[in-house]
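J.: Pasting a structure here, questions to come.
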């Protein structure tokens, strides 16, 4: 009985896992991926080598992580905001011709894009952290360093979920990308002006050196909770919309 239940569970997960695998393979075969990795590693190496003579570890790592918020976010927006809209011509046929439920498809897209972004983030950040820890003036606390890396990762998950969500609601990839660019940089630059700094990735980068040094406040928890809530809510709303709307 248990084996039958396990088999049934695997069968239920198979369409989801198949889409995740196929999407990840497609993403990692792109020239954009290799270009991003090479440019990202090169930029982090330059950041470490040019800053270590005068800077502390917290400043070097904050500077390196800021590239993901201000520069590499543009690549993430291009990849995520076209997730569903770029496949709209093939989507109806693939769902109708195979045993793929709509929620399997959209949740697999969320999963694969998050895995893709976090994999590249982890690889580039590893180079930054190793270089900064070995060469810069030490002023970090290990748990603070880990917390800072995870906090930036959470911000990237937020950006990814918003991108996939917009691609679900907006059928035109160009409009979806432009909309997310405006939203992300409004959150990053203008939210602090509107007293919404706890929702701002830009404000997060301002407090990141303190977090690396081991200072964690209740406001940082509010930022974490807010990022998680927005990510979960956008995923839930887009999954419901995609599952109930006409293709």
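The values are calculated or read from the model by the stated rules, or taken from the named source; none is laboratory data. What you are looking at is a predicted structure, and each value in this text was computed from that prediction instead of being measured. When we count neighbours, we look across all protein chains shown, and the Cβ atoms used for this are built from the backbone with ideal geometry, even at glycine.
J.: Can you report the number of residues in the range 209-234 which are surrounded by 19 or more Cβ atoms within 10 Å (Cβ to Cβ) and under 19 Å from the mean Cα position of the chain (by Cα)?
T.: Counting residues in the range 209-234 that are surrounded by 19 or more Cβ atoms within 10 Å (Cβ to Cβ) and under 19 Å from the mean Cα position of the chain (by Cα) gives 5.
J.: Moving on. Which one of the conditions (1) at pLDDT below 95; (2) more than 20 Å from residue 239 (Cβ to Cβ) does residue 126 fail to meet, given that it meets all the rest?
T.: It is condition (1) that residue 126 fails.
J.: Moving to a separate point now. Give the number of residues within the range 158-186 that are surrounded by fewer than 21 Cβ atoms within 10 Å (Cβ to Cβ) and under 23 Å from residue 197 (Cβ atoms). I'd like the intermediate steps shown before the answer.
T.: Our first condition is that a residue be surrounded by fewer than 21 Cβ atoms within 10 Å (Cβ to Cβ); within the range 158-186, this holds for 169-175, 178-179, 181-183, 185-186.
Checking the rest, the ones that are also under 23 Å from residue 197 (Cβ atoms) come to 179, 181-183, 185-186.
Number of matching residues: 6.
J.: Can I ask one more? Can you pull out the residues in the range 100-142 that are farther than 26 Å from residue 72 by Cα, in contact with a helix residue (DSSP H, G or I) (Cβ under 6 Å, 6 or more places away or on another chain) and assigned to a loop (DSSP other than H, G, I, E, B)?
T.: Matches in the range 100-142: 100, 138, 139.
J.: Right, something else. Residue 204 versus (1) under 30 Å from residue 137 (Cα atoms); (2) over 18 Å from the mean Cα position of the chain (by Cα); (3) in a helix (DSSP H, G or I): which is the lone unmet condition?
T.: Condition not satisfied by residue 204: (2).
J.: Continuing with the same structure: Would you tally the residues in the range 23-69 being assigned to a helix (DSSP H, G or I) and free of Cβ contacts under 8 Å to residues at least 12 places away in the same chain?
T.: Residues flagged as assigned to a helix (DSSP H, G or I) and free of Cβ contacts under 8 Å to residues at least 12 places away in the same chain within the range 23-69 amount to 10.
J.: Of the numbered conditions (1) at pLDDT 90 or above; (2) over 15 Å from the mean Cα position of the chain (by Cα); (3) surrounded by 13 or more Cβ atoms within 10 Å (Cβ to Cβ), residue 199 satisfies every one except a single condition; which is it?
T.: Evaluating residue 199 over (1) at pLDDT 90 or above; (2) over 15 Å from the mean Cα position of the chain (by Cα); (3) surrounded by 13 or more Cβ atoms within 10 Å (Cβ to Cβ) leaves (1) as the failure.
J.: Considering each of 215, 239 in turn, give the residue that is out of contact with any strand residue (DSSP E or B) (no Cβ under 9 Å at 6 or more places or on another chain), touching a residue at least 60 places away in the same chain (Cβ under 8 Å) and not in a helix (DSSP H, G or I).
T.: Testing whether each residue is out of contact with any strand residue (DSSP E or B) (no Cβ under 9 Å at 6 or more places or on another chain), touching a residue at least 60 places away in the same chain (Cβ under 8 Å) and not in a helix (DSSP H, G or I) leaves just 215.
J.: Would you confirm, using the coordinates I've provided, whether residue 14 is at pLDDT 90 or above and either over 30 Å from residue 136 (Cα atoms) or not in a helix (DSSP H, G or I) (or both)?
T.: No; evaluated as a whole, the condition is false for this residue.
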